[in-house]
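The values are calculated or read from the model by the stated rules, or taken from the named source; none is laboratory data. Every value quoted in this text rests on a predicted model; they were computed, and no experiment measured them. Glycine also receives a Cβ, built like all others from the backbone with ideal geometry; neighbour counts cover every protein chain displayed. What goes into the accessible areas is simple: the full protein's heavy atoms, side chains included, and nothing from ligands, DNA or RNA. Shrake-Rupley method; radii C 1.70, N 1.55, O 1.52, S 1.80 Å.
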Amino acid sequence: MTSGRIPAHPVIDSSHSTVEAYQSAILSAVRTLAPTSLELGDAEGCVLAEDVTAAVSLPSFDNSSMDGYAVLAEDIAGASEGSPSTLRVTGEIAAGDIGVYRLVPGTAIKIMTGAQMPAGADAVVPVEWTDGGVAAVEIYRPAEAGNAVRYAGGDAVEGETLLTAGTRMRPMHVAVAASAGRRVLSVRPRPRVVVFSTGDELTEPGTPLVPGRIWDSNSYMLTAAAREAGALAYRRAVVPDDPAGVLPALEEQLIRADLLITTGGVSMGGEHDVVKAALRELGTVTFRKVAMQPGMPQGFGVIGEDEVPIFTLPGNPVSAYVSFQLFVRPALAALQGASDLDLPRVQATLTEAVRSPSGRRSYLRGVLDGNKVAPLSGQGSHQIAHLGRANALVIVPEWETSLPAGDTVDVLVLP
Ligand code: AMP
Ligand code: MG
C-alpha cells in the first residue's frame, strides 16, 4: 500500500501549490448560479434548486395492476380448474373512466390496467385465470384480497418529498416531477462555458497542415468535456499569439459566459505566453505552479464586472485534459450546486512499475480493468494518441518516485 509510506516531512517545494490547496482556492471563488424556472421539458440535465413533493398520493386512487375482473375475494375462494366459480359480469371499467361503480357481491366487473377499483371489490382476477367471458366469467383460481390492486399512496403519500434540491434532472427524475404534478421547476441552469485556444501554430482540423503547424484539438476537447459535465459550451475561434488581442477576445464573450477556459500561452516564462501577459495586468487572475504532472502551470481567477471565473489551462493536450478533470469539473459542479461530478476513485493493483518526479503528484494515464490498472506507455503531456486509450488516471503520490508492479494505487475513473 502506498499510503503506508507517507513521509513525516513535506516533500513539496514551497513555490508550488498542492492539488488540494488549488482546488479549494477555486471552490472558494466560484458562486452557485442563481436558480431559474424551467418547464419540465427543458429541465433535463439541470440541477434542482428546490425539493419536489407529491401534490397528491401516488397512486391517488386504488386501481387495478392488470386487465381482468374486479371481484370480492371470498366469492371465488373455492375456484379451481375442475370446479370454476362463475360470476355474472355487470360492467366494464377502462383506464381513465371517472364513473362511480359499486360491485354487487356475487358478481364481477371487467377492469383494465390503471382503471379505478369499484367500491365493494377487494381483488382483481387476471384475465389469464379466466375464460375471458363477457356476460359471465368462469374463474379457475382463487385470489387473495388485494390481488393485483395498487392502493392509493402505495408509492408515495401526499406531501412526501420525492426529489431533493441538488438532484441533477435525469429522465427518471423528470418522470417523478411530472408524476408529482409539477410543470415548472426551479433549477440551476446549465453553466455557459466559452472555450478559447491560443497559439499561432494552431490550424483548424479539416484544413491542410504545413510543417510547423498543428491542428487545434484542445478547444474541441474542452468544449466536449464541459458539455459532458453538464455545461452549455461554446468554442471560439483560435486567439493568435498577440498579447493585445487576448483581453478583447475574452471580454467580448463575458456577456454570454458563466465560466471561461483558455488553453496555451501560460508556460513558465516564454515571451509568447500571451494569456499570462494579458491577464496578469488585471490582478484578478493568479498564475501558479501546482505540484503535479501533467499540468503544473495553472492560472485561475475572475474577470469582468460579474467576476466570471476563468481557467487558463496549459497548452499541452494531456495537461489540458487532466487539468479540466481535476479543476474545471469541480468548478462546474459548484456553479450548478451539484455534487455528482466527482470522478469515482477506486483502488487497483499496478500491472507494471511506474516512475514519477519527486515532489509532484503524477496522474498517469492507464487502463483500468476490474481491480487491475495498466499504465499506458506514452506518458508525455503531448501524447494525445495515448490519452485516447486511457479510461483512468493512476495517482502516484508526491513522495514516491517509483512504484513496483503489484503495488496498490488510487485511480480516478475517467468519464
Ligand atoms: P503553450 O502553453 O502555448 O506553450 O503550448 C504548449 C504546447 O501545447 C505546445 O506544443 C503547443 O503547440 C501545444 N498546444 C497549445 N494549444 C494547443 C491546442 N489548442 N491544441 C493542441 N495543442 C496545443
Ligand atoms: Mg502557445
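Entry remark, region 191-204: residues being open to solvent by 60 Å² or more (accessible area, probe 1.4 Å) and away from ligand 2 (no atom under 13 Å from the Cβ) number 2 in total. From the list Gln379, Gln383, Gln347, the lone residue that is within 22 Å of Val19 (Cβ to Cβ), free of Cβ contacts under 8 Å to residues at least 60 places away in the same chain and open to solvent by 40 Å² or more (accessible area, probe 1.4 Å) is Gln379.
Residue pairs whose Cβ atoms lie under 9 Å apart, sitting 6 or more positions apart in sequence or on different chains, and linking a residue in region 280-305 that is of a type in the set (Ser, Thr, Tyr) to a partner that is away from ligand 1 (no atom under 14 Å from the Cβ) and assigned to a strand (DSSP E or B), are Thr284/Gly301; Thr284/Val302; Thr284/Ile303; Thr284/Ile310; Thr286/Phe300; Thr286/Gly301. One residue alone among Tyr151, Tyr140 is within 23 Å of Ala95 (Cβ to Cβ) and of a type in the set (Phe, Trp, Tyr), and that residue is Tyr151. Per the listing Ser219, Ser197, the residue uniquely of a type in the set (S, T, N, Q), touching a Lys or Arg at 6+ places or on another chain (Cβ under 7 Å) and either within 16 Å of ligand 1 (Cβ to nearest atom) or within 20 Å of Thr36 (Cα to Cα) (or both) is Ser219.
Just to check your reading of the model, which residue among Val285, Val246 is within 13 Å of ligand 1 (Cβ to nearest atom) and under 21 Å from Ser219 (Cα atoms)? Of the residues listed, the single one that is within 13 Å of ligand 1 (Cβ to nearest atom) and under 21 Å from Ser219 (Cα atoms) is Val246.
Residues are listed down the side, and each one gets a yes or a no for (1) open to solvent by less than 40 Å² (accessible area, probe 1.4 Å); (2) at pLDDT 95 or above; (3) part of a loop (DSSP other than H, G, I, E, B):
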site: Ala55; (1), (2), (3): no, yes, yes
site: Met66; (1), (2), (3): no, yes, yes
site: Asp75; (1), (2), (3): no, yes, no
site: Ser83; (1), (2), (3): no, yes, yes
site: Glu92; (1), (2), (3): no, yes, no
site: Ile109; (1), (2), (3): yes, yes, no
site: Val125; (1), (2), (3): yes, yes, no
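Looking only at region 205-235, how many residues end up being open to solvent by 40 Å² or more (accessible area, probe 1.4 Å), on the phi < 0 side of the Ramachandran plot and either within 14 Å of ligand 2 (Cβ to nearest atom) or of a type in the set (Phe, Trp, Tyr) (or both)? Adding up the residues that qualify gives 6.
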